[in-house]
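Notes follow once the structure below has been shown.
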Amino acid sequence: MATHIIRRSIHAFFQSYHSFASIATLFVFPVSASLLLSQALVTSSSVILPSISSRLESLFQAAGFPATQFFSLVRLKISQTIFSFTLTLPFTVTFLLLAKASIIEVIREFPSRSHAPPPFSSFLHLYRSLLPTHLFNSLVILSANATIFSLLFLVFNAVDVIGFSSSNSLLFLSAAAAVLYSVIVANATVICNLAIIVSAMENSSGCLPVLKACMLIRGRVMTALTLALPPNLGMAAIEALFHYRVVRPYHLSKFSLSVIWEAFSITYMHSLVIILEIIMSCAFFRSCKLECHTNLENKSYYKTELEPEEKGAPQV
């Protein structure tokens, strides 16, 4: 199923390539540039990032978390996420949401529109639905992280009270915590991404699209995670390429016009991957709706076929 959705998404991307290329240039490019620059600033920041990391370290120590490598890595990743989220937030709530609205509008009209991007007025009403849903998604992600750390707080303190705080026990619990954290955050992320599509497709906003996304994704979590893997790997590879081809020459004082051209090219590649990820989310939404509709039709068919026999049974 995941392979079929990826093939359909790539076909839709190339079928309306001119529209998506225009969207990538107008809306997604500023978002990709802010994200790549924030990742570059993470590695070079000597004031803000260490300050965030030190405050998180004090918070972890007050909560009773052990000073293991797992929590050091978690502290570092959370600090980088907070730093990057703060820098990219203005671009995310404007350009990225407008890009998602325009892409969904193109998908709605596929294949009737294949060259020109949709007019601004045709998808502006979708932005009004996407913005509250995006803000609620941020609360969902924050709540998921808070829930995980509350659970870990209870577990590690209970282990410390019982007296099983040996190095082997802490290593085992840290590995289990890493798996639990990854699973919960990954599930929350794919639900929130699907909720954005539900919000635009069904003209709803707030918490309702998240609840609908939870119902649609039930039984299809592995498919959603499989679909999320290729674009995330692609964006991670592009971010590494940006660091190697742009950030590294800048720190080595080898910045030139060719490096600037490479920076624009890599940012545009990042924009296209974001667009492909949104198209795949739309294709996954349609697949879920079609499967749910088919299941309802089958249930209705079996019900209408079995009811006459059940009613006739007492007479026999």
(message) Given the DSSP H assignment, sum -39500 (n - 2.57) over each helix run of at least 4 residues in the chain and divide by its residue total; what's the result at 222 nm in deg cm²/dmol, nearest 500?
(response) -28500 deg cm²/dmol
(request) May I have the pair-distance distribution P(r) for the stretch 2-291, computed from all Cα-Cα distances with 5 Å bins from 0 and rounded to whole percent? (result) 1, 5, 10, 14, 16, 15, 13, 10, 7, 4, 2, 1, 0, 0
(request) Please return the longest stretch of the chain lacking exposed loop sites, where trypsin sites (Lys or Arg not before Pro) count only if DSSP places them in a loop and at most 12 other Cβ atoms lie within 10 Å. (result) 1-217
(message) Using Cβ counts within 10 Å as a stand-in for footprinting exposure, how do Val183, Val198 rank, fewest first?
(response) Val183, Val198
(message) At most 15 other C-beta atoms within 10 Å and a DSSP loop state: those are the exposed chymotrypsin sites (Phe, Trp or Tyr not before Pro) I care about. Give me the longest piece of the chain that has none.
(response) 1-163
(request) List every DSSP H helix in the chain whose Cα atoms extend 24 Å or more along the helix's own long axis and whose mean Kyte-Doolittle hydropathy is at least 1.6. (result) 167-201
(message) Principal axis extents for the stretch 113-225, Cα atoms only, whole Å, descending order, please.
(response) 65, 24, 23
(message) Taking the number of other C-beta atoms within 10 Å as the exposure measure, put His270, His134 in order starting with the fewest.
(response) His134, His270
(message) As an exercise, use a Förster radius of 41 Å and the Cβ-Cβ distance of Ala237 and Ile162 to find the FRET efficiency, rounded to the nearest 0.05.
(response) 0.40
(message) Taking every alpha carbon pair in the stretch 16-79, what does the distance histogram look like in 5 angstrom bins from 0, in percent?
(response) 4, 15, 17, 15, 11, 10, 9, 8, 6, 4, 2
(request) Report Rg/Rh for the stretch 141-285, rounded to two decimals, where Rg is the Cα radius of gyration and Rh the Kirkwood radius. (result) 1.12
(request) Note the count of lysine pairs whose C-alpha atoms are less than 30 angstrom apart in the chain, limited to pairs 8 or more residues apart or on different chains. (result) 11
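No value in this document is a laboratory result; all are computed from the given coordinates. Remember, it's a predicted structure, so these values are computed and weren't measured experimentally. Note that we place each Cβ from the backbone using ideal geometry, even for glycine, and neighbour counts take in every protein chain shown.
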